[in-house]
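Heads up, the thing below is written out as structure tokens.
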Amino acid sequence: MAADERSSGYYNEAREIASMAAWRAYHDLQIKELAAKSYPKAPALMNMFERAGIKPTDINSVEDLEQLPVTTKSDLARLQAENPPFGGFLTVPVNQLKRIFMSPGPIYDPQGTANEFWGWSEGFYAAGFRPRDVVINTFGYQMTPAGLMFEESLLDIGCCIIPTGVGNTETQVKLMREMGVTGFVGMASFLRKIGETAIAQGLDPRKDLALEIGYVAAEILTDTLRSEVEEMFGMRLRQGYGTADCGCLAYECSERNGMHFTSNAYVEILDPRTRETMGPGEPGEVVVTLFNPTYPLLRFGTGDLSAYTIAECACGRTAPRLTRIMGRVDQVTKVKGMFVHPQQAQAVIAKFPQVKKFQIVVTRSDEIDSLTFKLEMAEAPSAGDPFYDEIGGAIQKGIKLRPRIEIIAPGTLAENCELILDERVWDK
Ligand SMILES: [Zn+2]
């Protein structure tokens, strides 16, 4: 299939290219209806509203959601344990569900009867999946929802699926060759492994396999890994972001410049501690309200740290985009009002291969935070070496803070040392 055929069109044009005013009106209506219809059937919502001192009729717009608390993943696990099996969020009897899954936590994930319940079709289509693609789905099909979650949407689009699950790389290569597989769904690192297996068998993945399009999720996709895999197969690789509890929350389009918010949920970025709403470019926790009347999780805190942009996208979709997933909120440290995450720091340091190991130390004196990057290097650069400016600049660009750079002797840092050591002492 020609590349432009995979880039054009929309899964749900009316929603995806709606004006901001229409997009806003749609969200307000979804939230109003969700509160009104789910409240009488979901005891968890009744408790939540009662504690917040509001009634469902008080929820008429996205701003009104601010009156409700955020339910985190650990809150959900606790609520499910206290009030099994679904913590009072399920609005239908259990035997009216289509499927029930269990994710680590443990958390039970219900699947209702709605078509493509987790909403990945929009993302698959934007990535370039089309009817009659033959797709290997390498996510697991047992217990957790991943495999079937993606399968429902691939079927919805009109793809033919080979439910391979994880592992069996040689069999995956055989199936890809013999079935003319054009699409891959799974983790990028696994696709690279399949490619390496094919090469070890004397095959050229670009010529001997027909793979054109891939969709990856469940791990942070680095530019290096993406380019390596795209080059290896001569294909296009796009990513989506979602969770087992929520399904699809954001997805890349052909432009590959961030992940558009799904039209199946209202996405907020909040300060993980104060719950203040963060603006474009400011990192915070991804909190979502799914337009899902079967399992209405209002303001569900995913625990993932990200930021968004409202800049226009050449694909025509108007939804804001998550710029990237920066890691888990519980690993984040706030320094001078900016979030510093080990993964952000790793991404910056990876550009300097001469740095063997590093540790960030945060200290505070006279009520001012300071940030020191301790770097282990085989050879310490002399004073005035451009390395200091280069790495200082890269860190400032990556995490928006100016650090002090300290070169330490190789072997100083323990093998599994904390990447961020917070030595600040707070007033009692
Ligand atoms: Zn776009």
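If you go through region 222-248 one residue at a time, how many are part of a loop (DSSP other than H, G, I, E, B) and modelled with pLDDT under 95?
Start the filter on region 222-248 by keeping residues that are part of a loop (DSSP other than H, G, I, E, B), which leaves 222, 234-235, 244-246.
Filter once more, keeping what is modelled with pLDDT under 95: 222, 244-246.
Looking only at that region, the number is 4.
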Among the numbered criteria (1) closer than 30 Å to Glu255 by Cβ; (2) part of a loop (DSSP other than H, G, I, E, B), which one does Leu413 miss?
(1)
Filter pass, Ala314 being farther than 26 Å from Ser103 by Cα and of a type in the set (A, V, I, L, M, F, W, C):
yes
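Among the residues of region 142-185, write down those that are hydroxyl-bearing (Ser, Thr, Tyr) and modelled with pLDDT of 95 or more. Don't jump to the end; show me each part of the working.
Quick first cut of region 142-185, residues hydroxyl-bearing (Ser, Thr, Tyr) only: 144, 153, 164, 169, 171, 182.
Ser153, Thr164, Thr169, Thr171, Thr182, listed by residue number.
Residues checked against (1) buried (at least 18 other Cβ atoms within 10 Å of the Cβ); (2) farther than 18 Å from Phe291 by Cβ; (3) touching a residue at least 12 places away in the same chain (Cβ under 8 Å):
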| residue | (1), (2), (3) |
| --- | --- |
| Gly9 | no, yes, yes |
| Ser19 | no, yes, yes |
| Leu34 | yes, no, yes |
| Tyr39 | yes, no, yes |
| Asn47 | no, yes, yes |
| Thr57 | no, yes, yes |
| Glu63 | no, no, no |
| Thr72 | yes, yes, yes |
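Taking the condition of being among the β-branched types (Val, Ile, Thr) and under 16 Å from the mean Cα position of the chain (by Cα), how many residues in region 266-283 meet it? Don't jump to the end; show me each part of the working.
Step one: filter region 266-283 for residues among the β-branched types (Val, Ile, Thr), giving 267, 269, 274, 277.
Keeping just the survivors that are under 16 Å from the mean Cα position of the chain (by Cα) gives 267, 269.
Result for region 266-283: 2.
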Scanning for something farther than 20 Å from Ile220 by Cβ, at pLDDT below 95 and not basic (Lys, Arg), does region 323-333 turn up at least one residue?
no
Filter region 123-169 for residues that are aromatic (Phe, Trp, Tyr), farther than 23 Å from Ile17 by Cβ and in a loop (DSSP other than H, G, I, E, B) and give the result.
Phe139, Tyr141
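Just for region 197-244: of the residues that are in contact with a Pro (Cβ under 9 Å, 6 or more places away or on another chain) and not β-branched (Val, Ile, Thr), which one is surrounded by the fewest Cβ atoms within 10 Å (Cβ to Cβ)?
Step one: list which residues in region 197-244 are in contact with a Pro (Cβ under 9 Å, 6 or more places away or on another chain), which gives 198-199, 211, 232-235, 244.
Still in the running and not β-branched (Val, Ile, Thr): 198, 211, 232-235, 244.
Working: Ala198: 24, Leu211: 27, Met232: 21, Phe233: 25, Gly234: 14, Met235: 22, Ala244: 19.
Step by step, filter region 197-244, then rank; the result is Gly234.
Just need a number here: residues in region 367-389 that are surrounded by fewer than 13 Cβ atoms within 10 Å (Cβ to Cβ) and farther than 23 Å from Glu415 by Cβ. Before you say what the answer is, go through the steps one by one.
The first filter runs over region 367-389 and keeps only residues surrounded by fewer than 13 Cβ atoms within 10 Å (Cβ to Cβ), leaving 367-368, 378-379, 382-386, 389.
Okay, now just the ones that are also farther than 23 Å from Glu415 by Cβ, so 367-368, 382-386, 389.
Of the residues in that region, 8 qualify.
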Residues that are touching a Cys at 6+ places or on another chain (Cβ under 8 Å), free of Cβ contacts under 8 Å to residues at least 60 places away in the same chain, of a type outside the set (Phe, Trp, Tyr) and closer than 25 Å to Gly258 by Cβ: does region 129-144 have at least one?
yes
Tally, over region 101-117, of residues that are of a type outside the set (Val, Ile, Thr) and closer than 19 Å to Thr71 by Cα
8
Consider only pairs whose beta carbons are under 8 Å apart and that are at least six residues apart or on different chains; among these, list those whose first residue lies in region 408-419 and is under 17 Å from Thr372 (Cα atoms) and whose second residue is among the β-branched types (Val, Ile, Thr) and modelled with pLDDT of 90 or more.
Leu419/Ile360
Just checking, does region 130-149 include any residue being more than 16 Å from the chain's Cα centre (by Cα), within 16 Å of the ligand (Cβ to nearest atom) and on the phi < 0 side of the Ramachandran plot?
no
Search result, residues across region 21-32 that are surrounded by fewer than 16 Cβ atoms within 10 Å (Cβ to Cβ) and touching a residue at least 24 places away in the same chain (Cβ under 8 Å)
Arg24
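Which of the strands (runs of 3 or more DSSP E) found entirely inside region 249-341 contain at least 1 residues meeting this: buried (at least 19 other Cβ atoms within 10 Å of the Cβ) and within 16 Å of the ligand (Cβ to nearest atom)? Walk me through how you get there before you give the answer.
Numbers: elements: 259-261, 265-270, 284-290, 300-309, 321-328, 333-335, 338-340.
Counting at least 1 such residues, we get 259-261, 265-270, 300-309, 321-328.
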Considering region 123-151 alone, what residues qualify as being buried (at least 20 other Cβ atoms within 10 Å of the Cβ) and over 21 Å from Leu211 (Cα atoms)?
Pro145, Ala146, Leu148, Met149
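The values are calculated or read from the model by the stated rules, or taken from the named source; none is laboratory data. If you're wondering where the values come from, they're calculated on a predicted model, not measured in any experiment. Positions of Cβ are generated from backbone atoms using ideal geometry, with glycine treated the same way; all protein chains shown enter the neighbour counts.
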